[in-house]
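Written out below as structure tokens is the structure these notes cover.
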Amino acid sequence: MVLPLAFTMIAAVLQLGLWAHAQQRADAVAHQAVSAARAYGADAATGRRTGEQALDQLGGALLKQPRLHVERASGRATARVEAGVPSLVPGWQPSVAAVRHGPVERLGAP
């Protein structure tokens, strides 16, 4: 009776760790994408390319089927990352999402 409960608790702690690590990686990808998209002279495609490079470096097997959306409009840049997370619990499909916003850089007279 105690052993199954112990295994369940261990699996839950490990799953929480996987989810938290995946969330941090998704946030890092969104941060890099929005930083590139909001730079002076950049566009949404620049942010998307940077975000895809970050996904290649950081995603690995931890971010399953990642989706990256970068937008630059109305003086703001937005990057959104959504992905699945490997599951230790059969039948459960955890996911992560990260959104970052920032104002677009502009040159102006001081």
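Just one of (1) of a type outside the set (Lys, Arg); (2) exposed (fewer than 11 other Cβ atoms within 10 Å of the Cβ); (3) within 18 Å of residue 81 (Cβ to Cβ) fails for residue 4. It is (3).
Applying the criterion of being among the hydroxyl-bearing types (Ser, Thr, Tyr) and in contact (Cβ under 8 Å) with a residue 60 or more places away in the chain to the residues of the stretch 19-70, the residue that is surrounded by the fewest Cβ atoms within 10 Å (Cβ to Cβ) is 40. Selection of the stretch 51-95 for residues being modelled with pLDDT under 95, of a type in the set (Ser, Thr, Tyr) and under 17 Å from residue 23 (Cβ atoms) yields only 87. Looking across the stretch 86-110, just one residue is farther than 19 Å from residue 49 by Cα, among the β-branched types (Val, Ile, Thr) and more than 11 Å from the chain's Cα centre (by Cα), and that is 89.
Count of the stretch 71-84 residues, restricted to those that are over 14 Å from the mean Cα position of the chain (by Cα), assigned to a strand (DSSP E or B) and surrounded by fewer than 19 Cβ atoms within 10 Å (Cβ to Cβ), is 3.
The values are calculated or read from the model by the stated rules, or taken from the named source; none is laboratory data. The model shown is predicted, which means the values in this text are computed figures rather than measured ones. Here Cβ is always computed from backbone atoms with ideal geometry, including for glycine, and neighbour counts include all displayed protein chains.
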